[in-house]
Amino acid sequence: MHDDLIEALFSLTDEIRYVAVARGQEVELRERPGLESPSGAESDRFEELLVNPTLLTLARQRGEIDCGGLRFVVVGYGNFHQLVMPFGDGHVSVAFELDADPPSWVSAVEELLTAGGA
């Protein structure tokens, strides 16, 4: 479904641990092999189905009041940082290693999302 986009996102940097593309109940996710402290696949799926859409909805509604909209949300978990961005009628999640700076990758991710189409 979004294999080319996922591969392009992984090719940005070795600091990426995990990529997911979600639309409604459809979730495509991939984790970099050999990760230290990986999260569970079922846990990741529920995060993409429930948590990230909710975070984006709340932040988008706030952003549309008087903040100029929403571009992204970063969640700082104990084992990684997760960049979550609206994409078409869903979202894209890119999890980074703890020593990475997810906001510094926003423009590159946005370019790939634009090239990958919604």
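What follows draws every value from the coordinates through simple rules; no lab data is involved. The structure presented is a predicted model; accordingly, all values stated were derived computationally and were not measured. Positions of Cβ are backbone-derived with ideal geometry, glycine not excepted, and every protein chain shown enters the neighbour counts.
The listed residues are Val106, Val74, Val51, and the only one of them that is under 18 Å from Ile6 (Cβ atoms) and surrounded by fewer than 19 Cβ atoms within 10 Å (Cβ to Cβ) turns out to be Val106. Taken together, the residues in segment 14-69 that are farther than 25 Å from Asp99 by Cβ and among the hydroxyl-bearing types (Ser, Thr, Tyr) amount to 2.
Taken as a whole, segment 90-100 holds at least one residue that is over 23 Å from Glu7 (Cβ atoms) and either touching an Asp or Glu at 6+ places or on another chain (Cβ under 7 Å) or surrounded by 11 or more Cβ atoms within 10 Å (Cβ to Cβ) (or both).
Looking only at segment 1-18, residues that are hydroxyl-bearing (Ser, Thr, Tyr) and under 18 Å from Ser39 (Cβ atoms) come to 1 in all.
Checking the structure you have, find out if any residue of segment 1-22 is out of contact with any Cys (no Cβ under 6 Å at 6 or more places or on another chain), more than 21 Å from Glu111 (Cα to Cα) and touching a residue at least 24 places away in the same chain (Cβ under 8 Å).
Initially, segment 1-22 is screened for residues out of contact with any Cys (no Cβ under 6 Å at 6 or more places or on another chain), giving 1-22.
The next check asks that each one be more than 21 Å from Glu111 (Cα to Cα); those that pass are none.
For segment 1-22, residues out of contact with any Cys (no Cβ under 6 Å at 6 or more places or on another chain), more than 21 Å from Glu111 (Cα to Cα) and touching a residue at least 24 places away in the same chain (Cβ under 8 Å): absent.
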